[in-house]
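Colleague: I have a structure here, written as structure tokens, and I will follow up with some questions on it.
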Amino acid sequence: MDQTKQQEEDYGYNLFPERNSGKFQKGSIAESLFTFNHKCQVMLQFAMETSKLTGYAVYKDRHFSCEDCDGTVSGGFDATSSQIVLCQNNIHQQSHMNRVVTHELIHAFDHCRAHVDWFNNFKHLACSEIRAANLSGDCSFHNEVSRFNFGLKKHHQECVRGRALRSILAVRKVSREEAEKVVDEVFDTCFNDHAPFGRIPHDKKDANFAYRDFENRDRYYANL
């Protein structure tokens, strides 16, 4: 994937060095992390077998890539190649892999459904980040308790807002004030957009029912 220096700086490609360096060579440091890659592939396979979002023509070898990343990120969606990057050096638990896969598949879903202008429209980017944080389990009660974050009024909304904001700041060179303004402008609309779920899934079991709600969303009207 050819990316200019400007693109790397502005669009977060520096967080995913293997996007630009190609596959590792024999004897390289990356090769020594083969065990990370193998574990990543195994966890990805399990995540795909249990995810309710992979019915949308997603193929493991084409649409996912386990790579080394900057230590601050767990995954990313590369819109130029329609490929999800999974950070093999930062994902070590299946539950974490499941959340990252779901989060990035939300971005992929938006990419196909809404023709998101990732590079030029901050509102598009902010909307997808809000949806991904809201629907992936990133802000589930269990995860927030594990981060020692709980007890605030409208805590789920604030978690989604905060994670969306951090994601934008990680991949775009904008001020915090500008990012906050964009997130605020689109938050209500995008927070309430639950596709491809019928509602916010609060855990893995609930996700099955939420996805079923989405699949059955037109059945009532069809029978009128």
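Colleague: Provide Leu86, Leu169 ordered by accessible surface of protein heavy atoms (probe 1.4 Å), highest first.
Modeller: Largest accessible area first, the list is Leu169, Leu86.
Colleague: Using Cα-Cα distances under 8 Å and only pairs 6 or more residues apart, what relative contact order does the stretch 35-115 have, in percent?
Modeller: Relative CO of the stretch 35-115 lands at 33 percent.
Colleague: Using a 1.4 Å probe on the protein heavy atoms only, what accessible surface does Glu180 show? Give it in Å² to the nearest 10.
Modeller: Accessible area, nearest 10 Å²: 70 Å².
The values are calculated or read from the model by the stated rules, or taken from the named source; none is laboratory data. Here the structure is a predicted model, which means the values were calculated and not measured. Remember, those area values only see protein heavy atoms, side chains included, never the ligands or the DNA or RNA. Shrake-Rupley method; radii C 1.70, N 1.55, O 1.52, S 1.80 Å.
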